[in-house]
1. What residue among Pro36, Ser154, His129 has its Cα farthest toward the positive end of the dipole of the chain, where the charges are +1 on Lys, Arg and -1 on Asp, Glu, each on the Cβ?
2. Using a 10 Å cut-off on Cβ atoms, rank the peptides 119-125, 178-184, 133-139, 28-34 from the highest mean neighbour count down.
3. Which ³J(HN,Hα) values in Hz, rounded to whole numbers, follow from the phi angles of the range 117-125 under the Karplus curve 6.51 cos²θ - 1.76 cosθ + 1.60, where θ = phi - 60° and Gly and Pro get x?
4. Per-residue HN-Hα couplings for the range 40-55, Karplus 6.51 cos²θ - 1.76 cosθ + 1.60 at θ = phi - 60°, whole Hz, x for Gly and Pro?
5. Relative contact order for the range 1-141: what is it in percent, counting Cα pairs under 8 Å that are at least 6 residues apart?
6. Which value, in debye to the nearest 20, gives the size of the charge dipole of the range 47-193 about its Cα centre, when Lys and Arg are +1 and Asp and Glu are -1 at the Cβ?
7. Taking a ≥ b ≥ c as the square roots of the eigenvalues of the Cα gyration tensor of the range 130-179, is the shape rounded (a/c under 1.5), prolate (a/b larger than b/c) or oblate?
8. Add -39500 (n - 2.57) for each DSSP H run of 4 or more in the chain, then divide by its residues: what number comes out at 222 nm, to the nearest 500 deg cm²/dmol?
Amino acid sequence: MSDGAALAGPDGALRCPWALSTEDYVAYHDEEWGRPVHGDDALFERLSLEAFQSGLSWITILRRREGFRTAFAGFKITDVAAFTDADRDRLLADAGIIRNRAKIDATLANARVLAEWTPGDLDALIWSHAPTPGPAPKTLADVPAVTDDSTALSKALKKRGLRFVGPTTAYALMQACGLVDDHLQTCVARSAP
């Protein structure tokens, strides 16, 4: 049983305890989570997947990520913005993704909004909310679900017309895309380049 401190993984290296329940999580934790992500399409994908995750386990999304990428044209903003009602119906019937009407509609609406932005605006807006790094968390209890910065990012995204981007989703995005480093102090991934 963990007290929220880093635990030894299958290779003996210490990792954030949430990362050890499946091989999928170990790979995601070690290779992606907390690494800087740039580019409007890449950030649109992460923002969309975080929205789909709302109320679900991240492993559910992670295991369907390729299905999401296929269903949403690789999350290329201009392509998704051009989706029609027939595409929406196709998505609602696609067992390879989460078939939540509100989340699908939000993803399509967000793509249409973002297609009107100048290239680079989403990247610049999101990264403008990267906080000054603080002390490394020692246990999971030191990792917040929402911060003032994620609340500000959420408000900025909503003000620009995006949906399904509450403060908790915004903070998960900040963690996943490397705006904050919430790998625990003794986690092997914290010192990774």
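Derivation of every value follows stated rules applied to the coordinates shown; laboratory data play no part. All values reported here derive from a predicted model rather than from experimental measurement. Neighbour counts are summed over all protein chains in view; Cβ atoms, including those assigned to glycine, are modelled from backbone coordinates with ideal geometry.
1. Going by the charge dipole, the pick is Ser154.
2. Working: 119-125: 15.4, 178-184: 21.1, 133-139: 13.1, 28-34: 17.9.
Per-residue mean Cβ counts within 10 Å order the peptides as 178-184, 28-34, 119-125, 133-139.
3. Coupling constants for the range 117-125: 7, 6, x, x, 5, 5, 4, 5, 5 Hz.
4. Running phi through 6.51 cos²θ - 1.76 cosθ + 1.60 with θ = phi - 60° gives 4, 5, 4, 6, 4, 4, 4, 4, 5, 5, 5, 5, 5, 5, 3, x Hz.
5. On the way: 114 pairs, mean separation 37.7, N = 141.
After rounding, I find 27 percent.
6. Details: 18 positive and 16 negative charges, 63 e Å.
The calculated dipole for the range 47-193 is roughly 300 debye.
7. Prolate.
8. On the way: 10 runs with 93 residues, N = 193.
The per-residue figure over the chain is -14000 deg cm²/dmol.
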